[in-house]
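Here's the structure, in structure tokens; my notes come after.
Nothing in this text is a laboratory measurement; each read-out follows from the coordinates by a stated rule. Computed from a predicted structure; not experimentally measured. A quick note on method: Cβ atoms are made from the backbone with ideal geometry, for glycine too, and the neighbour counts reach across all protein chains shown.
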Amino acid sequence: MRIIKTTLIITTAALVIGLVDIGSSSASVNDEDSKVILSIDSSPTIADVEYEPVGNWVASWYGPGFHGRLTANGEIYDQMALTAAHKELPFGTYLRVTNLRNGKSVVVKINDRGPYIEGRDIDLSKGAATALGMIHPGVIKVRIEKLKPSEEVLPVYALN
């Protein structure tokens, strides 16, 4: 069971831009080469990730009032998870979101519907907003790219 849980953590974390440490697991992305580097107990594996440009959008964030409630796809909303709401994209779509003011990027998974305020294109979780440095502005312009990961970095789900 430990192997399945470690695999789940690693494959999900592999989609995060930058270095992520979860126990003895880590993942990072080298933007120049579009390679995802996975490691379990210091045994690295490299997988290719392609990014498909989508465009520049207006992003906002949501969190405290929805934490612990069900999202539109049936997951329990965790405001610190790297997730987002979009009106039309399929659930499970992974997007790289880049703050156009500071260059910070994060990868989020679409698991909810929204935003429902005119002029906004995507609602990010508080965790994603924190990673992008957009908590205080609240609404920012972002560059959106759709991830097209190879099979090695697709999330693995384990059922008990």
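Data table
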| quantity | calculated |
| --- | --- |
| Kirkwood-based shape ratio for the range 51-147, expressed as Rg/Rh from alpha carbons | 0.92 |
| Label-to-label distance, nm, for residues given as Arg69 and Asp48 (7 Å Cα→Cβ offset) | 4.3 |
| Residues whose placed amide H lies under 5 Å from that of Asp112, excluding near-sequence neighbours | Ala84, His86 |
| Estimated vicinal HN-Hα couplings, Hz - the range 77-92 in sequence order (Karplus 6.51, -1.76, 1.60; Gly, Pro = x) | 6, 10, 4, 9, 6, 8, 10, 7, 10, 9, 5, 10, 4, x, 4, x |
| Cα-projected label distance for His136 with Lys148, points at 7 Å along beta-carbon direction, nm | 3.9 |
| Phi-based couplings in Hz for the range 121-129 (Karplus 6.51, -1.76, 1.60; Gly and Pro marked x) | 9, 8, 10, 9, 5, 4, x, 5, 4 |
| Square roots of five times the Cα gyration tensor eigenvalues for the range 77-120, Å | 18, 14, 10 |
